[in-house]
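**Q** Below you will find the structure I want to go over with you.
The values are calculated or read from the model by the stated rules, or taken from the named source; none is laboratory data. Values in this document were obtained by computation on a predicted structure and should not be read as measured data. Because the Cβ atoms are built from the backbone with ideal geometry, glycine has one as well, and the counts that use them run over all protein chains shown. Surface accessibility is based on the protein's heavy atoms, side chains included, excluding ligands, DNA and RNA. Shrake-Rupley method; radii C 1.70, N 1.55, O 1.52, S 1.80 Å.
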Amino acid sequence: MKNIKIEFTNERIIPASGLAVVGAILGKSDFVKRCNRMDVTRNRSQHQIKNGDIMLTYIGLLTMGKPAYESVHEFDDDQEFYKYALGITRGIPSEETLRQRMDDIGSSLRSQILSENIEMLRSNGIVPGRLPNGYVPVDIDVTPFDNSKTQKQGVSRTYKGCDGYAPIMAYIGTEGYLINCELREGKQHCQKHTPEFLRETIRLCREITQEPLLVRLDSGNDAAENIGILIEAGCSFIIKRNLRRESKEEWLSMAQACSKDVQTPRDGKTVYIGSDWKSVTYKTEDSQEKTVTIRTGYEVINRTVDKYGQFLFPNDIEANTWWTNLGLNDHEVISLYHAHGECEQFHSEIKTDMDLERLPSGKFDTNELILELTIIAYNILRMIGQESIGRRGTETKHKVRRRRLRTVIGDMIMMASHVTEHARQLIIGLGRSNTWRYAFQGIYAAFADFHA
């Protein structure tokens, strides 16, 4: 076995060439110019570094899956390339300047970031994918961020039993583009402020698509106010019902008497599927009360014998019910709600692939800004992943609908390259051993040409 000798070289070998694609996507955004004109504090340090440069630098770090402030030092050894790739005008901030300016900006940019996200998706020709039935899914869910053993503002006990935050996320399309999010204290009930969040999310969805929306919510958001908002907005919905004080035995009795769809998948297990109708009263925005009759789909499972053959006494009764205004059959409604669980995968990609579960700041407003910038960074990675599907060198044995963000970060963003300058052009050289080089070339050309 030959020994490997390690030498240092002065050649410009960049470990994160994919930031050039990130810069191409953000290239002609007015968001950066608006940030530059914003005066967040009179006494800010490093006046020569603009707010837009701060935002671009941090979005670059997020797309690398490195949200910690100290990760900015990875740009130190070749700042000229990273400035050029991301479109930074003045300079890359130091760790201290980045931290201080993010604290100064805080949550003041929420509306601008949400608007920029919509504009970025539209300007790059992104159309949220539809379900086979023609609806565009909008999945809204709360996911705890474990920030145990910290003294950060807003960290408190979540419903998962850990100390942390409980942000609410909204995804659109079958690809799972992030359309809205809101950082919340861990102890905050998932329904608190959700009506306002729901109205805002519907408005943002309407700005990117005019196709019919299917909004899916968990039982924590089973509230008449939410149903009223969705009905008044003309949205279809599936909301898991909270049984509260309703008796499972009564649901079983009703199902046994009324259900025409009875299945016995094994001995000792009977499944009743059907629909009922219940009245719901809600208040409109002008405080008028309305009462409507809503379809209530149900799936009641009665187990007298468990899967191991053990007889159960009393019987194990499971009652799952949903509010819906869809005209589809009961099995389709149940299947569509089960597909709502896919948003747990999206949560996982944000928390693990982008390493954002433990937010880096001790200030709540700063962490809120970081989570809002995550919307843009997450969607950039998702766009790159979707654009890579089917390109030369990225073929897979099985059909791929969506690339996981970890794959995009590892194979596209963190792609090493040899950088040279010639005839006033910056040239990124990709090695012949990298099978993703053709995909990288095509994706950069696709987004750069789209902006041209």
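**Q** Have a look at I409, I376, I317 and point out the one that is under 30 Å from E249 (Cβ atoms) and either at pLDDT 95 or above or touching a His at 6+ places or on another chain (Cβ under 6 Å) (or both). Walk me through how you get there before you give the answer.
**A** Working: I409 fails: under 30 Å from E249 (Cβ atoms); I376 fails: under 30 Å from E249 (Cβ atoms).
I317 is the lone residue from the list that is under 30 Å from E249 (Cβ atoms) and either at pLDDT 95 or above or touching a His at 6+ places or on another chain (Cβ under 6 Å) (or both).
**Q** Something else now. Residues in the range 41-57 that are out of contact with any helix residue (DSSP H, G or I) (no Cβ under 7 Å at 6 or more places or on another chain) and either surrounded by 17 or more Cβ atoms within 10 Å (Cβ to Cβ) or modelled with pLDDT of 60 or more (or both): how many? Walk me through how you get there before you give the answer.
**A** Let us first name the residues in the range 41-57 that are out of contact with any helix residue (DSSP H, G or I) (no Cβ under 7 Å at 6 or more places or on another chain), namely 42-43, 47-48, 53.
Retained after the next criterion (residues that are either surrounded by 17 or more Cβ atoms within 10 Å (Cβ to Cβ) or modelled with pLDDT of 60 or more (or both)): 47-48, 53.
Qualifying residue count, the range 41-57: 3.
**Q** Picking from R358, R391, which residue would you name as being open to solvent by 10 Å² or more (accessible area, probe 1.4 Å), closer than 22 Å to C181 by Cα and of a type in the set (K, R)? Reasoning before the result, please.
**A** On the way: R391 fails: closer than 22 Å to C181 by Cα.
Going through R358, R391 in turn, the sole match is R358.
**Q** Quick one: in the range 305-345, of everything that is among the polar types (S, T, N, Q) and open to solvent by 50 Å² or more (accessible area, probe 1.4 Å), which residue is nearest to Y378 (Cα to Cα)?
**A** Keep residues of the range 305-345 that are among the polar types (S, T, N, Q), which gives 310, 315, 320-321, 324-325, 329, 335, 345.
So of that shortlist, the ones also open to solvent by 50 Å² or more (accessible area, probe 1.4 Å) come out as 310, 315, 325, 329, 335, 345.
Working: Q310: 47, N315: 46, N325: 31, N329: 35, S335: 27, Q345: 13 Å.
Ranking the qualifying residues of the range 305-345, first place goes to Q345.
**Q** Considering the range 96-125 alone, what residues qualify as being of a type in the set (S, T, N, Q) and not in a loop (DSSP other than H, G, I, E, B)?
**A** Within the range 96-125, the subset of a type in the set (S, T, N, Q) is 97, 100, 107-108, 111-112, 115, 117, 123-124.
Across the range 96-125, the qualifying residues are T97, Q100, S111, Q112, S115, N117, S123.
**Q** When residues of the range 397-452 are filtered for being in a helix (DSSP H, G or I) and charged (D, E, K, R), how many remain? Break it down into steps so the answer makes sense when it comes.
**A** Start the filter on the range 397-452 by keeping residues that are in a helix (DSSP H, G or I), which leaves 405-413, 437-451.
Then keep just the ones that are charged (D, E, K, R); that gives 406, 411, 437, 449.
Of the residues in that region, 4 qualify.
**Q** Report whether or not D353 is among the acidic types (D, E), open to solvent by 30 Å² or more (accessible area, probe 1.4 Å), over 19 Å from G87 (Cα atoms) and touching a residue at least 12 places away in the same chain (Cβ under 8 Å). Break it down into steps so the answer makes sense when it comes.
**A** On the way: among the acidic types (D, E): yes; open to solvent by 30 Å² or more (accessible area, probe 1.4 Å): no; over 19 Å from G87 (Cα atoms): yes; touching a residue at least 12 places away in the same chain (Cβ under 8 Å): yes.
Here the answer is no, as D353 does not meet what is asked.
**Q** Filter the range 343-364 down to residues that are assigned to a helix (DSSP H, G or I), hydrophobic (A, V, I, L, M, F, W, C) and under 18 Å from the mean Cα position of the chain (by Cα), then give me how many there are.
**A** Adding up the residues that qualify gives 3.
A quick yes/no check of all residues on (1) more than 14 Å from E225 (Cβ to Cβ); (2) in contact (Cβ under 8 Å) with a residue 40 or more places away in the chain:
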| residue | (1), (2) |
| --- | --- |
| D267 | yes, no |
| V271 | yes, no |
| S279 | yes, no |
| E289 | no, no |
| V292 | no, yes |
| R295 | yes, no |
| K307 | yes, yes |
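**Q** Please verify whether the range 2-24 includes one or more residues that are open to solvent by 60 Å² or more (accessible area, probe 1.4 Å) and closer than 17 Å to N379 by Cα.
**A** no
**Q** Residues that are over 30 Å from G106 (Cβ atoms), in contact with a strand residue (DSSP E or B) (Cβ under 6 Å, 6 or more places away or on another chain) and open to solvent by 60 Å² or more (accessible area, probe 1.4 Å): does the range 418-426 have at least one?
**A** Taking the range 418-426 and keeping what is over 30 Å from G106 (Cβ atoms), we get 418-426.
Imposing the further condition that a residue be in contact with a strand residue (DSSP E or B) (Cβ under 6 Å, 6 or more places away or on another chain) reduces the set to 418-420.
Retained after the next criterion (residues that are open to solvent by 60 Å² or more (accessible area, probe 1.4 Å)): 418.
Yes, the conditions are met somewhere in the range 418-426.
**Q** Additional query: Which residues, counting only those in the range 96-125, are open to solvent by 70 Å² or more (accessible area, probe 1.4 Å) and among the acidic types (D, E)?
**A** Filtering the range 96-125 down to residues open to solvent by 70 Å² or more (accessible area, probe 1.4 Å) leaves 96, 99-100, 111, 119, 122.
Scanning the range 96-125 gives E96, E119.
**Q** If you don't mind, there's one more thing I want to ask. Looking at (1) crowded, with 20+ Cβ neighbours inside 10 Å; (2) touching a residue at least 60 places away in the same chain (Cβ under 8 Å); (3) not β-branched (V, I, T), which one does L198 not meet, given that it meets all the others?
**A** Result: L198 passes all but (2).
**Q** For the subset of the range 427-444 comprising residues that are aliphatic (A, V, I, L, M) and open to solvent by less than 40 Å² (accessible area, probe 1.4 Å), which member is nearest to the chain's Cα centre (by Cα)?
**A** Of the residues in the range 427-444, the ones aliphatic (A, V, I, L, M) are 427-428, 430, 439, 443.
Now narrow it down to the ones that are open to solvent by less than 40 Å² (accessible area, probe 1.4 Å): 439, 443.
Working: A439: 24, I443: 22 Å.
Here the answer is I443.
**Q** What residue, of P93, P128, P132, P137, is surrounded by fewer than 21 Cβ atoms within 10 Å (Cβ to Cβ) and not in a helix (DSSP H, G or I)?
**A** Values: P93 fails: surrounded by fewer than 21 Cβ atoms within 10 Å (Cβ to Cβ); P128 fails: surrounded by fewer than 21 Cβ atoms within 10 Å (Cβ to Cβ); P137 fails: surrounded by fewer than 21 Cβ atoms within 10 Å (Cβ to Cβ).
Exactly one of P93, P128, P132, P137 is surrounded by fewer than 21 Cβ atoms within 10 Å (Cβ to Cβ) and not in a helix (DSSP H, G or I), namely P132.
**Q** Sticking with this structure for a sec: Inside the range 1-39, can you point out the residues that are at pLDDT 90 or above, in contact with a Leu (Cβ under 9 Å, 6 or more places away or on another chain) and in a helix (DSSP H, G or I)?
**A** Of everything in the range 1-39, those that are at pLDDT 90 or above, in contact with a Leu (Cβ under 9 Å, 6 or more places away or on another chain) and in a helix (DSSP H, G or I) turn out to be L19, A20, V22, G23.
**Q** Then there is this: Out of the range 249-300, which residues are closer than 16 Å to I317 by Cβ and open to solvent by 90 Å² or more (accessible area, probe 1.4 Å)?
**A** Within the range 249-300, E249, E250, Q256, T264 meet the criteria.
**Q** What do you reckon, is K240 within 30 Å of V127 (Cα to Cα) and surrounded by 16 or more Cβ atoms within 10 Å (Cβ to Cβ)?
**A** Details: within 30 Å of V127 (Cα to Cα): yes; surrounded by 16 or more Cβ atoms within 10 Å (Cβ to Cβ): yes.
Judged against the criteria, K240 is a match.
**Q** A further question follows. Quick one: is V262 of a type outside the set (G, A, S), in contact with a strand residue (DSSP E or B) (Cβ under 6 Å, 6 or more places away or on another chain) and in contact (Cβ under 8 Å) with a residue 24 or more places away in the chain? Before you say what the answer is, go through the steps one by one.
**A** Details: of a type outside the set (G, A, S): yes; in contact with a strand residue (DSSP E or B) (Cβ under 6 Å, 6 or more places away or on another chain): yes; in contact (Cβ under 8 Å) with a residue 24 or more places away in the chain: no.
No.
**Q** Among the residues of the range 140-152, which ones are part of a loop (DSSP other than H, G, I, E, B) and in contact with a Leu (Cβ under 8 Å, 6 or more places away or on another chain)?
**A** Matches in the range 140-152: N147, K152.
**Q** I need every pair where a residue in the range 416-435 that is within 21 Å of D77 (Cβ to Cβ) has its Cβ under 7 Å from the Cβ of a residue that is of a type in the set (F, W, Y) and surrounded by 14 or more Cβ atoms within 10 Å (Cβ to Cβ), sequence separation at least 6 or different chains.
**A** Once the first residue is within 21 Å of D77 (Cβ to Cβ) and sits in the range 416-435, its partners that are of a type in the set (F, W, Y) and surrounded by 14 or more Cβ atoms within 10 Å (Cβ to Cβ) give V419/F81; L426/Y84; L430/F440.
**Q** Scanning the range 148-186 for residues that are of a type in the set (D, E, K, R), farther than 24 Å from L114 by Cα and touching a strand residue (DSSP E or B) at 6+ places or on another chain (Cβ under 7 Å), which turns out most open to solvent (accessible area, probe 1.4 Å)?
**A** Pass one, the range 148-186, residues of a type in the set (D, E, K, R): 149, 152, 157, 160, 163, 175, 182, 184-185.
Cutting the leftovers down to farther than 24 Å from L114 by Cα gives us 149, 152, 157, 160, 163.
Restricting the remaining residues to those that are touching a strand residue (DSSP E or B) at 6+ places or on another chain (Cβ under 7 Å) gives 157, 163.
Details: R157: 140, D163: 55 Å².
The residue in question is R157.
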